[in-house]
1. Going through region 83-125 one residue at a time, which ones are open to solvent by less than 60 Å² (accessible area, probe 1.4 Å) and either touching a strand residue (DSSP E or B) at 6+ places or on another chain (Cβ under 6 Å) or of a type in the set (D, E, K, R) (or both)?
2. Based on what the data block shows, is Glu254 modelled with pLDDT of 85 or more and either more than 30 Å from Glu505 (Cβ to Cβ) or among the hydrophobic types (A, V, I, L, M, F, W, C) (or both)?
3. For residues in region 53-75 being out of contact with any His (no Cβ under 9 Å at 6 or more places or on another chain) and charged (D, E, K, R), which is modelled with the lowest pLDDT?
4. Residue by residue through region 97-110, note down the ones that are within 46 Å of the chain's Cα centre (by Cα) and of a type outside the set (Lys, Arg).
5. Would you point out the residue of region 364-388, among those that are polar (S, T, N, Q) and over 14 Å from Glu419 (Cβ atoms), that is modelled with the highest pLDDT?
6. Here is a check on your reading of the model: is Asp113 under 18 Å from Ile81 (Cα atoms), within 49 Å of the chain's Cα centre (by Cα), at pLDDT 85 or above and not in a loop (DSSP other than H, G, I, E, B)?
7. State yes or no: is Thr226 touching a residue at least 60 places away in the same chain (Cβ under 8 Å), hydroxyl-bearing (Ser, Thr, Tyr) and assigned to a helix (DSSP H, G or I)?
Amino acid sequence: MDERSNLMNMMKITIKVLIQAALGLDRSLESDFPPLQQFFYVLEHCLKHGLKVKKSFIGHNKSFFGPLELVEKLCPESADIFTNIRNLPEIKTSLGRGRAWLHLSLMQKKMADYLQVLIDHKDLLSDFYEHEALMMEEEGAVLVGLLMGLNMIDANLCLKGEDLDSQVGIIDFSFCLKDVQLNDSEKKADEITTVLDQKHYVEELNRHLSCTVGDLQSKIELLEKTNSKLNDELVAAKDRIVSLQDEHNQLLQESARIQKKSERHLEVNMLDTKVELETYKHSRQGLDEMYNETWKQLNVEKQVRADLEKELDLQFGMKTEMEMAMKLLEKDIHEKQDTLVILRKQLDDVKSINLQMCQKFKESEIAFQNKSDQLCLLQAKLDLADSTTRGLEESSDLQHNLQSEKEQQKTLQEELFKEKEKNTYLQNDLLQYSQLKKDFDTLRLEKTQLQKLCDEQEQALQEMGFHLSQSKLKMEDIKEVNKALKGHTWLKDDEATGCKQCDKEFSISRRKHHCRNCGDIFCNTCSSNELSLPSYPKPVRVCDPCHNLLLQRCSSNCS
């Protein structure tokens with residue numbers, strides 16, 4: 001708390017002196033102006049107050065540039081300051097970067113705004129400052145308020161050429177002392193204040209010197225530790241060098257021994273190669289004869305291969321035509337099936353309509369019979385009514401009854417007219433029914449014809465499938481023959497040093513033999529079988545794997 005109050009008092013005095021001096025110089029200041037330098041030193045001490053010490057490989061780092069780097073994230077408009085700081089090659093330490101930031105923010109007249117943003121985010125500042133630091137307490141807000149008054153000053157500062165890394169920021173309190181003639185009481189008060197200020201100044205100098213002494217002692221201890229570690233590592237490295245020299249001597253001895261052994265082995269190999277050359281000269285004549293025979297056989301195989309390729313092309317053409325025909329037939333069958341489904345639906349609809357018409361016809365016949373009976377009854381009633389009307393005309397009392405009978409007669413006539421209309425409607429329905437019956441018969445005939453067509457097409461498809469299966473079998477046989485001709489390459493004698501099956505090396509006694517099926521080189525025991533191949537009508541030499549494979553294929557073809 002004492003440190004905070006002292007620092008705040010010093011900040012107030014330095015800002016007051018700086019503003020008064022700036023007013024005397026038309027509010028424009030240069031970088032070498034002493035009150036401005038003192039202001040930066042005091043502000044630096046305020047920002048260092050309560051900083052957490054961060055341990056690193058070099059030593060203890062206690063720089064106020066760490067919290068100032070948060071401004072770049074929180075205020076994007078401050079990015080220009082940080083780019084300018086990074087572009088300054090003479091600044092190499094974090095302390096120098098922090099001082100450059102203070103200079104540039106004062107020139108922008110936004111120092112108070114940037115520090116206010118930091119104070120508003122105390123949760124982020126807690127990573128850099130202790131809880132009782134100046135920036136974490138109320139004094140931080142007071143400091144920002146004091147810095148707001150500096151916006152009236154125009155600072156023309158040049159950072160190029162200034163040694164900001166190694167400057168010693170010691171506060172000089174002589175700028176705070178007034179030099180004015182006052183009365184006795186004021187003189188005494190000023191003397192007391194000057195004494196107190198000098199006392200605080202001395203205390204501040206002592207505290208600063210004690211801090212620097214402590215830092216130097218910790219650095220010396222760390223350097224001693226690193227020195228002892230380096231000495232231990234140097235001793236270990238010397239031991240390692242001695243062991244490596246011993247290993248080097250052993251490796252030299254071993255390499256000399258291996259060189260002698262390889263020279264002996266080379267002499268033995270030279271003798272073997274001389275013997276093999278003599279045998280090669282003797283066996284060259286027989287190989288030339290074999291080469292001539294194989295050349296003739298190769299020409300015959302080429303002719304057979306050309307014939308087979310022609311037949312294969314024909315089979316491919318037939319296959320594509322068959323596939324096209326199959327696709328067309330499948331399409332036609334699908335269309336016929338769709339038409340059959342539609343016709344079946346139409347037949348079901350016609351059947352349901354026929355049933356409905358039959359029921360309606362029966363109902364209309366019954367209704368017609370009932371209406372005819374009613375008509376007969378009504379006719380009889382009309383005759384009776386006529387006879388009664390003749391008798392009733394004479395009597396005046398029965399005139400009312402006559403009128404009612406006439407009304408009944410009218411209603412009966414209307415009902416009779418309605419029944420006649422119903423009768424005509426039913427007759428029309430009967431005609432439609434007869435027409436639908438005829439349509440039904442024609443659809444039944446069409447169905448039978450389509451069924452016959454479907455049966456014929458299914459039979460044709462079965463025949464086509466049989467032909468296709470036969471052609472596929474032929475294609476597989478041709479592919480196998482083509483594989484036998486194409487796939488197996490004839491290995492050269494130089495490419496094989498040992499038998500492919502038993503891996504035994506060839507020598508004068510163990511001769512090389514080609515398999516006429518796969519073209520690989522085997523010894524006599526692994527290629528003692530003989531079989532007739534498509535390219536060789538007579539039985540020729542075949543290796544054991546090809547012999548087993550060809551026998552299996554022959555047995556599967558026979559089955």
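The values are calculated or read from the model by the stated rules, or taken from the named source; none is laboratory data. All values derive from a computational prediction rather than experimental measurement. So basically every Cβ, Gly included, is an ideal-geometry build from the backbone, and we count neighbours across all protein chains shown. With ligands, DNA and RNA removed, areas are computed over all heavy atoms of the protein, side chains included. Shrake-Rupley method; radii C 1.70, N 1.55, O 1.52, S 1.80 Å.
1. Residues satisfying the conditions are Arg99, Leu106.
2. Details: modelled with pLDDT of 85 or more: yes; either more than 30 Å from Glu505 (Cβ to Cβ) or among the hydrophobic types (A, V, I, L, M, F, W, C) (or both): no.
Taking the combined requirement at face value, the residue does not satisfy it.
3. Residue satisfying both the conditions and the ranking: Lys55.
4. Gly98, Ala100, Trp101, Leu104, Ser105 - these are the residues of region 97-110 that are within 46 Å of the chain's Cα centre (by Cα) and of a type outside the set (Lys, Arg).
5. As a first pass, look at region 364-388 and keep what is polar (S, T, N, Q): 364, 369-370, 372, 374, 379, 387-388.
When the remaining residues are screened for being over 14 Å from Glu419 (Cβ atoms), the result is 387-388.
Working: Ser387: 75, Thr388: 69.
Per the criteria, the residue is Ser387.
6. Working: under 18 Å from Ile81 (Cα atoms): yes; within 49 Å of the chain's Cα centre (by Cα): yes; at pLDDT 85 or above: yes; not in a loop (DSSP other than H, G, I, E, B): yes.
Spelling it out, Asp113 is indeed under 18 Å from Ile81 (Cα atoms), within 49 Å of the chain's Cα centre (by Cα), at pLDDT 85 or above and not in a loop (DSSP other than H, G, I, E, B).
7. Details: touching a residue at least 60 places away in the same chain (Cβ under 8 Å): no; hydroxyl-bearing (Ser, Thr, Tyr): yes; assigned to a helix (DSSP H, G or I): yes.
The answer is no for Thr226.
For (1) over 54 Å from the mean Cα position of the chain (by Cα); (2) touching a residue at least 40 places away in the same chain (Cβ under 8 Å), each residue gets a yes or a no:
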position	(1), (2)
Gly519	no, no
Glu530	yes, no
Ser535	yes, yes
Val540	yes, no
Asn548	no, no
